[in-house]
1. Assigning unit charges at the beta carbon (Lys, Arg +1; Asp, Glu -1) and nothing else, what dipole magnitude in debye, to the nearest 20, does the chain show about its Cα centre?
2. List the aspartates and glutamates whose Cα lies under 19 Å from the Cα of residue 222, skipping any in the same chain that are fewer than 8 positions away.
3. Between residue 106 and residue 94, what is the label-to-label distance in nm when each label sits 7 Å out along the Cα-to-Cβ direction?
4. Classify segment 614-759: rounded, prolate or oblate, from the alpha-carbon gyration tensor (a ≥ b ≥ c, eigenvalue square roots; a/c under 1.5 rounded; otherwise prolate if a/b is larger than b/c)?
5. Taking neighbour counts of Cβ atoms within 10 Å as a proxy for exposure, in what order, fewest first, do 538, 648, 221 appear?
6. Testing the spin-label approximation: label points 7 Å from Cα along Cα→Cβ at residue 669 and residue 426. State their distance in nm.
7. Work out, step by step, the length gained on full extension between residue 230 and residue 587: first 0.36 nm times the residue separation, then minus their alpha carbon distance; give nm to one decimal.
8. Subtract the Cα-Cα distance of residue 36 and residue 375 from 0.36 nm times their separation in residues, and report this length gain in nm to one decimal.
Amino acid sequence: MRSWMSGLVVGIISVGWWPALPGNFFTLLASLAGVLSLRQGQRGAKCFSGLLLGCALGMAHGNALLQHRLPESCVGSALTLSGEVVSLPRRSEMPDGTPRQRFELLVRNLQPLHCAGPRRVLLSYYGPQAMVPGEHWRFVVQLKKPWGLANPGSFNLQSWFAQTGIDARGTVRRDQARQISAANPFYQAHHRARARISERISGLPLDADVRAILQALTVADKSGIDSRLWSLLQQFGVNHLLVISGLHIGLVAAAAYLIGGSLQRLGACMGANRSLPGLCALLMAGAYAALAGFSLATQRALYMLAAFIFADLLGRRGRASGNLLLAAALVLGLNPLAALGSGFWLSFGAVAALLWLGQWQRGAGRVRRVAGTHVFMALLMLPLGAWWFAGGSLAAAPANLLMIPLLGVWVVPVALLASVCFLLGSSMELLLWQVAAWPLQHILPVARWLDQLSPGWMYWHLQGGAVAIFLAACAVLLLVIPGAKRLRLIAALFPLPLVLPHDPREPLPQEHTRVTVLDVGQGTAVLLQAGGRVLLYDTGGGDPAGSNMARSVILPLLRRRGVDSLDTLIVSHPDLDHAAGVRDVLRLLPAARQLYGGAQGAMPQGRPCLAGESWSWPGGQIFQILSPAMETALPSNNASCVLSVEIDGYRLLLPGDIEGSRERQLVRYWGEGLLSDWLLAAHHGSRTSSSQTFLKMVRPDLVVLSHGYANRFGHPHPLVMQRLQVAADTVIGTAASGALEFTVVPGQPLSISSYRQELRRYWM
């Protein structure tokens, strides 16, 4: 049976990494071959059978997923859909104060019929009406495919859409929503209970960050956790504790198991069933998962817990590894794309590691087991953190040693008890909320103070490759084996390639120059690296005080490449789609040269761009500012800092958001000096830019468009696309290609790569 399940798990997981799917005929063929192979008695045949059936299951799920995607012809069209709110709305506020709610809608009807297909859509509503789970609404929306940015080192949002079954996403304006019917009083009760508890916590007389943490831990409502708080917790390596997952479900299940064991002993004289502790654990864990909205992480933890509990009830205690394999097969059978996320591997990897450790801890005292387990898991996070996050927190081990038992024994149990009292109308609930919040109110100020000593000092960059990560993982597993001192001594050397200091400023060979146009949606961010030096042109869009592209895209990539400082930071102009992340970049990375176009904005230490200024790097890269000159009172777009870069005979032109009038002025002044091999299209392909006069003078071989997928501005404009396609041999957009990387090596042809193409999966 283990052989068959092993093949099944491998088969299901493998399909998620396929670049394309074969048709239904191949699904049927794999199913038949798998069933026929199962009839063979050999272990190899059973494993092969499981592999084929796993592939068939993965292909069937994948084809169904693609069939429910929004047709391309319907993207951006005004559609009328009705359905039921099936998630707790996540409320936030836009920079201009407009309220926003994000929620999932189960589609019941979609017009016109040729656009029908999506079953579950993610909507953003900008209006005053409060959405309640279970309510039926009708919306006029503009839908688009579940698209995500594609950048190295960044979170893959499209994989999350695929895992959760989101078929489309869209936006609803305040005058385009109408409620059809109220929620059934007995349907979606857990979501309504979650909403009531979340609203109650938000009204408590506590620190805003404390309220946000209580909301996340109690009902998985993370709307109050802004990027500042998330970054703070990430520095200490405890941000994972705010995501209700296997750890939280396990803590609740353990407490319920102990309670069930006590009840069993008390009722022994009355013949209490031995299954009582396990059933109590499963019941309480299920209730907590419902309170958390049955997220992917809680579902995974529940399936794993159920597999172990039922195996125990059936007398399979000694087959822990087989139970873990059964849990993995169950999780993947219900959601074949669950393995796309790091949570799947971290959860099952952690349990497998604990089972491995348990083999060598038999006979050890309780204190030694607890301490040894914590040290073991902290060491194991080094290779896991290197693989998934390219680093980890230096403070993670002591911080988790404090926070895990504190949350598990104090904060979470008391908060859950307060929630029950609140729903029952008990007057004890306020006191219990205050008791649950007390340790958080005292720990957070200390954490803020430590973080302010030197921003980012606690984060440890780990740049090891696959071999270094594998060796480090083996070392952690071997170190717990008793005896064999020589083996442990040798194993202790394995992690050295992962943690040894390296020169973070030399990620490229000295003679190479790499230009990366990042996929930042409707915005701009260009990274140039050569000879250990780094230039960043613009920092993408977002909210300067909240989520922005610097935090989610630029800084993770710079960490991945080992960059700890910038030679030059240029902000073309102060519009948010170009400058939202300036403060975040400068907070973590010093920049020797800081230049800006237009108003000074977020660069108090910078100086304005001035036409004619030039500088060079030791590798021969030459930079020159072409605009603005000494003009005053220029419109924001036309005040953009225009940068020309020469790299080994190639010329790159970055014009910011200049418009046609400014382009003509540049043509008159610079003339042939504008001639370039590559051009970043001005203003994301706006109709007001990329004039014929300008393009004829630049004469680019290649044009790159930095724009968002199906953006509301309609960029690039069709007329501009026509002009660009006439003017250049190649026109590429980041929306379709993801991050674009240009590598220049003297004496070799220009190398161009598309990250979305490299990452190609059938579900993208």
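Rule-based calculations on the coordinates, nothing more; no lab input. All values reported here derive from a predicted model rather than from experimental measurement. Virtual Cβ from ideal backbone geometry, glycine too; neighbours counted across all protein chains shown.
1. Around 2740 debye, computed over the chain.
2. 93, 104, 199, 207, 209, 543
3. About 3.0 nm separates the two model spin labels.
4. Oblate, since a/c reaches 1.5 and b/c is not below a/b.
5. 648, 221, 538
6. 7.3
7. Contour length minus the Cα-Cα distance gives 126.9 nm.
8. Stretched fully, the residue 36-residue 375 segment lengthens by 117.3 nm.
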